[in-house]
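Enquirer: Structure incoming, see below.
The values are calculated or read from the model by the stated rules, or taken from the named source; none is laboratory data. Because the structure is predicted, anything quoted here is derived from the model rather than measured. Cβ sites come from the backbone with ideal geometry, for glycine too, and all protein chains shown count toward neighbours.
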Amino acid sequence: MELKLTGKRVLVTGASSGLGLHFAQVLARSGAEVTLAARRFSKVQKAAEEIRLDGYAAEALELDVTDKISVTKAFSADPYDVVINNAGISGSGRALEMKIEEFESVLQTNLTGVFAVAQAAAQQMSSRGGSIINIASILGLRVAGQVSAYAASKAGIIQLTKALALEWARHQIRVNALCPGYIETPFNKAFLESEAGQALIRRIPQRRLGQLSDLDAPLLLLASDASAYMTGSVLVVDGGHLVSSL
């Protein structure tokens with residue numbers, strides 16, 4: 001079965017930059033009618049325009065996943081067939097020094113926000129089915145230093161994905177998680193070229209960083225009907241990082 005999404009309406013949260021923007025571009029090229037959503041409306045507006053100039057279908061939406069009214073408004077129009085729950089923040093820092101407010105902020109965006117969007121999507125999908133893809137991380141399965149809030153939020157996403165998959169399977173709503181490893185982006189390029197970054201790369205069995213394109217096929221698999229019998233799955237794309245020796 002082809003990994004095509006022709007005629008499907010797809011929402012991507014956190015689509016103003018990074019993985020979310022890349023996901024929106026990939027989905028549009030696969031035939032989907034993509035809505036790019038983020039707090040930074042001007043950014044997604046520009047990105048959607050560029051996708052349309054390339055001949056694909058895209059529109060922009062202002063969305064704050066931590067705001068109930070904003071989430072409700074985002075799902076007040078025609079239902080989506082696929083929702084990519086990608087919005088998130090990092091919140092790195094030493095646990096001993098982290099303010100409770102910062103920890104709560106990370107969980108509010110990365111976990112509660114994911115639930116709010118998934119719930120609103122499922123309420124639309126309950127009579128017709130659909131696919132929800134929650135973007136987690138290998139840090140939800142194995143920890144690193146100074147990312148306690150982020151790791152906790154991503155671990156929560158993984159368990160939330162399984163719980164929602166169980167509850168919503170009867171409605172033909174599939175809920176899966178995509179867990180990227182370390183992916184090279186303009187934002188982490190400087191760190192990855194440093195001595196610490198090079199040491200990290202040596203711990204990856206494939207001895208390389210992931211590229212954005214390495215996520216394309218896994219994303220399209222979970223979004224398309226090719227994964228019709230997959231729900232509650234946690235799909236890891238990390239070059240073998242999770243299975244590296246301690």
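Enquirer: Just to be sure, is Lys189 of a type in the set (Lys, Arg) and either in contact with a Cys (Cβ under 9 Å, 6 or more places away or on another chain) or buried (at least 17 other Cβ atoms within 10 Å of the Cβ) (or both)? Quick ask: steps written out before the conclusion?
Expert: Numbers: of a type in the set (Lys, Arg): yes; either in contact with a Cys (Cβ under 9 Å, 6 or more places away or on another chain) or buried (at least 17 other Cβ atoms within 10 Å of the Cβ) (or both): no.
Here the answer is no, as Lys189 does not meet what is asked.
Enquirer: In the stretch 218-246, which residues are closer than 27 Å to Arg207 by Cβ and over 17 Å from the mean Cα position of the chain (by Cα)?
Expert: The answer is Gly239, Gly240, His241, Leu242, Val243, Ser244, Ser245, Leu246.
Enquirer: Something else: Has the stretch 2-21 got any residue that is small (Gly, Ala, Ser), farther than 17 Å from Pro186 by Cβ and assigned to a helix (DSSP H, G or I)?
Expert: Scanning the stretch 2-21 turns up no residue that is small (Gly, Ala, Ser), farther than 17 Å from Pro186 by Cβ and assigned to a helix (DSSP H, G or I).
Enquirer: Please determine whether any residue of the stretch 107-114 is crowded, with 17+ Cβ neighbours inside 10 Å and more than 23 Å from Val71 (Cβ to Cβ).
Expert: No, the stretch 107-114 contains no residue that is crowded, with 17+ Cβ neighbours inside 10 Å and more than 23 Å from Val71 (Cβ to Cβ).
Enquirer: So Ile135 passes all but one of these: (1) aliphatic (A, V, I, L, M); (2) farther than 22 Å from Asp78 by Cβ; (3) surrounded by fewer than 24 Cβ atoms within 10 Å (Cβ to Cβ); (4) modelled with pLDDT of 95 or more. Which condition number does it fail?
Expert: (3)
Enquirer: Kindly indicate whether Pro205 is part of a loop (DSSP other than H, G, I, E, B), modelled with pLDDT of 95 or more and loosely packed, with under 15 Cβ neighbours inside 10 Å.
Expert: In short, yes.
Enquirer: Turning to a different aspect of this structure: Please go through the stretch 1-53 and pick out each residue that is aliphatic (A, V, I, L, M) and surrounded by fewer than 17 Cβ atoms within 10 Å (Cβ to Cβ).
Expert: Filtering the stretch 1-53 for residues aliphatic (A, V, I, L, M) gives 1, 3, 5, 10-12, 15, 19, 21, 24, 26-28, 32, 34, 36-38, 44, 47-48, 51, 53.
If the condition is that a residue be aliphatic (A, V, I, L, M) and surrounded by fewer than 17 Cβ atoms within 10 Å (Cβ to Cβ), then Met1, Leu53 are the ones that fit.
Enquirer: What tally of residues in the stretch 138-178 results from selecting those that are of a type in the set (Gly, Ala, Ser) and touching a strand residue (DSSP E or B) at 6+ places or on another chain (Cβ under 7 Å)?
Expert: Residues meeting the conditions: 3.
Enquirer: Next question. Condition first: surrounded by fewer than 15 Cβ atoms within 10 Å (Cβ to Cβ), without any contact (Cβ under 8 Å) to a residue 24 or more places away in the chain and out of contact with any Leu (no Cβ under 6 Å at 6 or more places or on another chain). Can you find one or more residues in the stretch 155-166 that meet it? Lay out the reasoning, then the answer.
Expert: First, pick out the residues of the stretch 155-166 that are surrounded by fewer than 15 Cβ atoms within 10 Å (Cβ to Cβ): 159, 163, 166.
Filter once more, so that each one left must be without any contact (Cβ under 8 Å) to a residue 24 or more places away in the chain: 159, 163.
Restricting the remaining residues to those that are out of contact with any Leu (no Cβ under 6 Å at 6 or more places or on another chain) gives 159, 163.
Scanning the stretch 155-166 turns up at least one residue that is surrounded by fewer than 15 Cβ atoms within 10 Å (Cβ to Cβ), without any contact (Cβ under 8 Å) to a residue 24 or more places away in the chain and out of contact with any Leu (no Cβ under 6 Å at 6 or more places or on another chain).
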